[in-house]
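Everything on this sheet refers to the single structure shown next.
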Amino acid sequence: MTAQEQNHPDSYDISKKVAIVTGASSGIGLASAVRLAEKGFKIWLLNRPGGELEAAVAKVQV
């Protein structure tokens with residue numbers, strides 16, 4: 001593996017990584033949470049009270 005390949009984000013071992021995503025019920029926060037979950041991160045979703053966080057959790061679960 002070349003040095004460039006080793007530094008590429010897809011080559012990182014993320015099996016033990018956790019991402020905390022704020023504003024996770026919609027928009028960029030939700031899109032980020034979905035993408036990170038697809039990559040294998042464990043996700044913590046945060047949102048203001050009254051947000052649709054339960055619906056977001058359903059979308060993020062892979």
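Laboratory data are not the source of any read-out in this text; all were calculated from the coordinates shown. Keep in mind that what you see is a predicted model, and the values were worked out from it rather than measured. Cβ placement follows ideal geometry from the backbone for every residue including glycine, while neighbour counts extend to all protein chains displayed.
Note on region 14-55: Cα-only Rg and Dmax are 10.0, 32 Å. Taken one residue at a time, the phi angles of region 27-39 give Karplus couplings (6.51, -1.76, 1.60, θ = phi - 60°) of x, 5, x, 5, 4, 5, 4, 4, 5, 5, 5, 4, 7 Hz. Gly and Pro are set to x.
Ordering 17-29, 44-56 by mean Cβ neighbour count within 10 Å, with the highest value first, yields 17-29, 44-56.
Once you keep just the Cα pairs under 8 angstrom separated by 6 or more residues, what percentage relative contact order results for region 16-62?
On the way: 66 pairs, mean separation 20.9, N = 47.
Reported relative contact order: 44 percent.
Remark: region 13-19, residue by residue, has Karplus-estimated 3J(HN,Hα) of 7, 10, 4, 10, 8, 10, 10 Hz, where x stands for each Gly or Pro and the curve is 6.51 cos²θ - 1.76 cosθ + 1.60 at θ = phi - 60°.
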